[in-house]
Amino acid sequence: MTHPDLAVYAARRARLMAELGSDAVAVLATAPERLRNRDSHYPYRFDSHFYYLTGFAEPEAVLVLHGASGRSILFCRERDPEREIWDGLRYGPQAAREAFGFDEAWPIGELDQRLPDWLSGQAALHCVLGEDAAWDRRVLDWLQALRALARNGVQAPRGMFDLRRVLDAMRLIKDEHEIAIMQRSADIAAAAHCRAMRATRPGMNEYQIEAELLYEFRRQGAQAPAYTSIVAGGAHACVLHYVENNGWLADGELLLVDAGCELDGYASDITRTFPVNGRFTGAARDVYACVLAAQAAALEQVRPGNSWQAPHEAAVRVLAQGMLDWRLLQGSLDGVVESGAYKRFYMHRTGHWLGLDVHDVGEYKQGGEWRPLQPGMVLTVEPGCYIRAAEDIPQAFCNIGVRIEDDVLVDVDGHRVLTSAVPSAMAGIEALMAQAGEEREHA
Ligand code: GLY
Ligand code: MN
Ligand code: MN
């Protein structure tokens, strides 16, 4: 049976080969399996670049793209009836070749024997070095073995290049196939956030809210969380990478939830911050309104031709004005922006590329300048404000941490927010939580 998306992956391989040229050969391994403890493995996750070019999700696989012949060759695990009883089905070279549209496929155990033939006579070798010492050693051994055959007329590649340079650039602009999966990944994450909001009330634990997120991810078919979910009540929200998720949620506090799922390799990445008791009040209301306004200002800047930096600069100005209004900072708006004084309360950037990796590949600068946004790019827009308790901070503002994060596709008309199915306006969040409360009462 052929893989339903076979043509998508074959077209990407053809595009990459056209970029690299007919005198190039590319060699790319998928990720290794990793032990978690003793003989138990972490859940397997393929290498993103490898998957982008193949759709092939098994471990122990290597892709070779041979410029001169235009052939794409897969090395993968052989069928093994004994192992399959324990670990499940493997394609094996023959079925993998047919299903995924490779020109050839061979057992992974034959890689060292067969690869030198594919390298021989190609001027440029494109591969990924520096991520796995054993792989690096192997690549160098293949080259050395070829050089040893020079007197037989064998030519080893003379140039070695980082395959990531071209692949990163390809992956930065998402195709229709990717956008459709990312929208679905975003929809599932949005549903999970709605579920978390509806479940939250004083006296619950952060881990119970995390469980709601994970339940919805899996219930809707996402394979995993895209990263460890952050479920941070009260002061925990001021720890940017808080992942303990074991605190009790108190009346009057905010809860910051940063969670996204991975669907067919693609990440979503959403943050919402909402009151544990369902009502925004006092300083929390002011800070929330400011972060939401900062996000709106940033989103306004997401359109083709605008610099990557424009959304960040717009968000910073709104946030810094808030900090001045609340007397957390002194001076002029231009002054605190210029000096970076705002970074005490907003220390991260306003977003990142999103795709197969949650912090996806792709350069942010080109020729020393922030790059312009282009249709097909997907980025997060995630301003925040984190006010740690300190002697010079008014009591009402202490330990308030707010972030609002959405996933955004740049399109020809401007942008499309992929994650708008979960409310971020205060009224929308309050209505959702109130409705859930009423449903509980009448249950
Ligand atoms: N969840 C990781 C991030 O927001 O960048
Ligand atoms: Mn993010
Ligand atoms: Mn996030």
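The values are calculated or read from the model by the stated rules, or taken from the named source; none is laboratory data. Please read all numbers here as calculations on a predicted model, not as lab measurements. Here Cβ is always computed from backbone atoms with ideal geometry, including for glycine, and neighbour counts include all displayed protein chains. For accessibility, only protein heavy atoms count, side chains too; no ligands or nucleic acids. Shrake-Rupley method; radii C 1.70, N 1.55, O 1.52, S 1.80 Å.
Points to keep in mind about this one:
- Note on the stretch 164-177: residues that are part of a helix (DSSP H, G or I) and buried (at least 22 other Cβ atoms within 10 Å of the Cβ) amount to 2.
- Screening the stretch 239-261 for residues that are open to solvent by less than 40 Å² (accessible area, probe 1.4 Å) and within 12 Å of ligand 1 (Cβ to nearest atom) and picking the one that is farthest from Gln220 (Cα to Cα) gives Tyr242.
- Flag if Ser72 is more than 25 Å from the chain's Cα centre (by Cα), under 26 Å from Ala134 (Cα atoms) and small (Gly, Ala, Ser): yes
For every residue, the table says whether it meets (1) farther than 30 Å from Ala11 by Cβ; (2) more than 28 Å from the chain's Cα centre (by Cα); (3) not charged (D, E, K, R).
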{"residue": "Trp86", "(1), (2), (3)": "yes, yes, yes"}
{"residue": "Ala95", "(1), (2), (3)": "no, yes, yes"}
{"residue": "Gly101", "(1), (2), (3)": "no, no, yes"}
{"residue": "Glu104", "(1), (2), (3)": "no, yes, no"}
{"residue": "Pro107", "(1), (2), (3)": "no, yes, yes"}
{"residue": "Leu115", "(1), (2), (3)": "no, yes, yes"}
{"residue": "Ala133", "(1), (2), (3)": "yes, no, yes"}
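- Conditions (1) in contact (Cβ under 8 Å) with a residue 40 or more places away in the chain; (2) touching a Leu at 6+ places or on another chain (Cβ under 6 Å); (3) open to solvent by 30 Å² or more (accessible area, probe 1.4 Å); number of the one not met by Asp132: (2)
- Of all residues in the stretch 173-186, at least one satisfies being closer than 29 Å to Arg77 by Cα and not hydrophobic (A, V, I, L, M, F, W, C).
- Hits in the stretch 56-82 (condition: in a strand (DSSP E or B) and either open to solvent by less than 10 Å² (accessible area, probe 1.4 Å) or among the hydrophobic types (A, V, I, L, M, F, W, C) (or both)): Val62, Leu63, Val64, Leu65, Ser72, Ile73, Leu74, Phe75, Cys76
- Reported count of residues in the stretch 351-372, each being within 12 Å of ligand 3 (Cβ to nearest atom) and within 15 Å of Pro311 (Cα to Cα), is 2.
- Of residues in the stretch 83-110 being open to solvent by 80 Å² or more (accessible area, probe 1.4 Å) and assigned to a helix (DSSP H, G or I), the one nearest to Leu53 (Cα to Cα): Arg97
- For the stretch 197-224, the set of residues classified as part of a helix (DSSP H, G or I), in contact (Cβ under 8 Å) with a residue 40 or more places away in the chain and more than 21 Å from the chain's Cα centre (by Cα) consists of Met197, Arg198, Ala199, Glu206, Ile209, listed by residue number.
- Test: residue in the stretch 184-191 that is within 18 Å of Leu63 (Cα to Cα) and assigned to a helix (DSSP H, G or I): no
- Answer residue from the stretch 225-247, given it is assigned to a helix (DSSP H, G or I) and more than 16 Å from ligand 2 (Cβ to nearest atom) and is farthest from Val287 (Cα to Cα) among those: His236
- Number of residues in the stretch 415-443 that are open to solvent by 10 Å² or more (accessible area, probe 1.4 Å) and under 22 Å from the mean Cα position of the chain (by Cα): the value is 7.
- Note on the stretch 248-292: residues that are under 30 Å from Glu178 (Cβ atoms) and either part of a loop (DSSP other than H, G, I, E, B) or within 16 Å of ligand 2 (Cβ to nearest atom) (or both) total 18.
- Boolean, Gly355 is within 16 Å of ligand 2 (Cβ to nearest atom), closer than 18 Å to Leu172 by Cα and within 26 Å of the chain's Cα centre (by Cα): yes
- Some residue of the stretch 336-346 being closer than 30 Å to Phe50 by Cβ and among the basic types (Lys, Arg): no
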